[in-house]
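The values are calculated or read from the model by the stated rules, or taken from the named source; none is laboratory data. This structure is a prediction, so every number in the text was calculated from the model and none was measured. Here the Cβ is made from the backbone with ideal geometry for all residues, glycine too, and neighbour counts use every protein chain on show.
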Amino acid sequence: MYKTIEWTDEGIVMIDQRVLPLEEKYVCLTHYQEVAAAIREMVIRGAPAIGVAAAMGVALGMKRLPPETPPAEVTGAFGRICGELAATRPTAVNLFWAIRRMQQKFDELTGEPLPAQQAGLIAEACRIHEEDIAANRRLGEYGRALFTADTTFLTHCNAGGLATGGYGTALGVIRAVHESGRKVAVFADETRPFLQGARLTAWELQQLNIPTTVITDNMAGHIMAQGKIDAVVVGADRIAANGDTANKIGTMMVAVLAATCQVPFYVAAPLSTVDFELAEGRGIPIEQRDPREVTHIRGLQLTPDGVSAANPAFDVTPHPYITAIITDRGVAFPPFNETLARLAGR
């Protein structure tokens, strides 16, 4: 079975998601700047996964400091490493959550010898990875309880093991239902322009022997109107306190179609994806990526020379379109500003 990301003595090993499904290739990163580039260039992607990668990147950068580095330089290096990793992608809140966890651990280790600080930061990064996998499995179990019959799902983008430390969020729910013995099938939106659904979700579900049909994004409404979808389940990159959810571009369109066709629409994400400092989704920054991702596929040009292209990577689904938010601490139903806060112990 593939591993999305792993800490090793040689460096951080991660599967290169840019070349899937045609090639299963792993890269070993030995410098934190390589980790930053991997996040920025989509070698690794998915909100929980890039959080784990950022934590490991911090630990890797600090590990490379010589033992004789003066304390002031250690502190300066730590701030610089965190800043460069935080600047890689703006939308997914797990990235910033993981870096804050590493900052808290660094503060706890203030005054310790550098080797002790390095060991503590490595342990914390590995702990974040382990906790993410455990959280996804709990999330899957909470989601499984919602589906007590055979279910055909529709999902958008990729929210499986590739997008997390392991197991998955939206696909974690689907996996848990499948593992319970229910008959499961999936329609996977291709998810233009990066094709995470066609390339990654389909590949993961194939590994799990879950029947999967890839559809273009503009087929979703037709398939739902035919009554072929029992539920939609998607992941999330950031959730505002009121439940407004940022996910891969096109998710809001799917949510509106689901509401029109009276298909329940679920969001699956660990509670660390909820940004309680944001009251509503309008405050979520939306990453703008290279238009070439729209105009080209694997180097093949699709559009005429001189035609401009827009490439917002995410959109925000307003909370009224969301049936429930499945987290690692339970399922939140509307009103989300109350139920999410309760699950978080606020």
Restricting to segment 327-342, give me the number of residues that are surrounded by fewer than 17 Cβ atoms within 10 Å (Cβ to Cβ) and among the hydrophobic types (A, V, I, L, M, F, W, C).
2
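Every residue, every condition in (1) surrounded by fewer than 22 Cβ atoms within 10 Å (Cβ to Cβ); (2) within 16 Å of the chain's Cα centre (by Cα), yes or no:
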position: MET1; (1), (2): yes, no
position: ILE5; (1), (2): no, yes
position: MET14; (1), (2): no, yes
position: TYR32; (1), (2): no, no
position: ALA37; (1), (2): yes, no
Would you mention how many residues in segment 138-162 are in contact with a Ser or Thr (Cβ under 7 Å, 6 or more places away or on another chain) and either modelled with pLDDT under 95 or of a type in the set (Gly, Ala, Ser) (or both)?
3
Out of the residues in segment 141-169 meeting the condition of being touching a residue at least 60 places away in the same chain (Cβ under 8 Å) and in a helix (DSSP H, G or I), tell me which one is farthest from ILE210 (Cα to Cα).
TYR142
Residue check for ALA176: without any contact (Cβ under 8 Å) to a residue 40 or more places away in the chain, small (Gly, Ala, Ser) and in the same structural domain as LEU257 (by TED's automatic domain parsing)
yes
Any residue in segment 200-226 that is more than 17 Å from MET253 (Cβ to Cβ) sitting within a Cβ distance under 8 Å of a residue that is among the basic types (Lys, Arg)? List the pairs, counting only those 6 or more apart or interchain.
LEU208/ARG175; ILE210/ARG175
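Which is farther than 22 Å from ASP132 by Cβ and touching a helix residue (DSSP H, G or I) at 6+ places or on another chain (Cβ under 9 Å), of ASP305, ASP315, ASP275, ASP290?
Details: ASP305 fails: touching a helix residue (DSSP H, G or I) at 6+ places or on another chain (Cβ under 9 Å); ASP275 fails: farther than 22 Å from ASP132 by Cβ; ASP290 fails: touching a helix residue (DSSP H, G or I) at 6+ places or on another chain (Cβ under 9 Å).
Within the list ASP305, ASP315, ASP275, ASP290, the selection yields ASP315.
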Starting from residues that are hydrophobic (A, V, I, L, M, F, W, C) and part of a loop (DSSP other than H, G, I, E, B), keep the ones in segment 204-220 and report whichever is modelled with the highest pLDDT.
ILE210
Restricting attention to segment 221-237, report how many residues are buried (at least 24 other Cβ atoms within 10 Å of the Cβ) and either of a type in the set (S, T, N, Q) or outside any loop (DSSP other than H, G, I, E, B) (or both).
3
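Every residue, every condition in (1) part of a helix (DSSP H, G or I); (2) among the hydrophobic types (A, V, I, L, M, F, W, C); (3) not assigned by TED's automatic domain parsing to the domain that holds LEU200, yes or no:
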{"site": "VAL58", "(1), (2), (3)": "yes, yes, yes"}
{"site": "LEU65", "(1), (2), (3)": "no, yes, yes"}
{"site": "ILE99", "(1), (2), (3)": "yes, yes, yes"}
{"site": "GLU112", "(1), (2), (3)": "no, no, yes"}
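Each row is one residue, and each column tells you yes or no for (1) over 18 Å from the mean Cα position of the chain (by Cα); (2) in contact (Cβ under 8 Å) with a residue 40 or more places away in the chain.
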residue: GLY281; (1), (2): no, yes
residue: SER308; (1), (2): yes, no
residue: THR323; (1), (2): yes, yes
residue: PHE333; (1), (2): yes, no
Taking the stated definitions as given, is PRO21 surrounded by fewer than 17 Cβ atoms within 10 Å (Cβ to Cβ) and either in a loop (DSSP other than H, G, I, E, B) or at pLDDT 95 or above (or both)?
yes
When the residues of segment 128-151 are filtered to those that are of a type in the set (Val, Ile, Thr) and under 30 Å from GLU6 (Cα atoms), which remaining residue is surrounded by the most Cβ atoms within 10 Å (Cβ to Cβ)?
ILE128
Conditions (1) in contact (Cβ under 8 Å) with a residue 40 or more places away in the chain; (2) surrounded by 14 or more Cβ atoms within 10 Å (Cβ to Cβ); (3) farther than 19 Å from GLU204 by Cβ; number of the one not met by ILE50:
(3)
Scope segment 151-182; condition farther than 21 Å from PRO21 by Cβ and in contact with a helix residue (DSSP H, G or I) (Cβ under 9 Å, 6 or more places away or on another chain); matching residues
THR151, VAL173, ALA176, VAL177, GLU179, SER180, ARG182
If we ask which residues in segment 114-133 are without any contact (Cβ under 8 Å) to a residue 24 or more places away in the chain and not charged (D, E, K, R), their number turns out to be 4
Have a look at THR169, THR201, THR245, THR191 and point out the one that is surrounded by 22 or more Cβ atoms within 10 Å (Cβ to Cβ), among the polar types (S, T, N, Q), at positive phi and at pLDDT 95 or above.
THR191
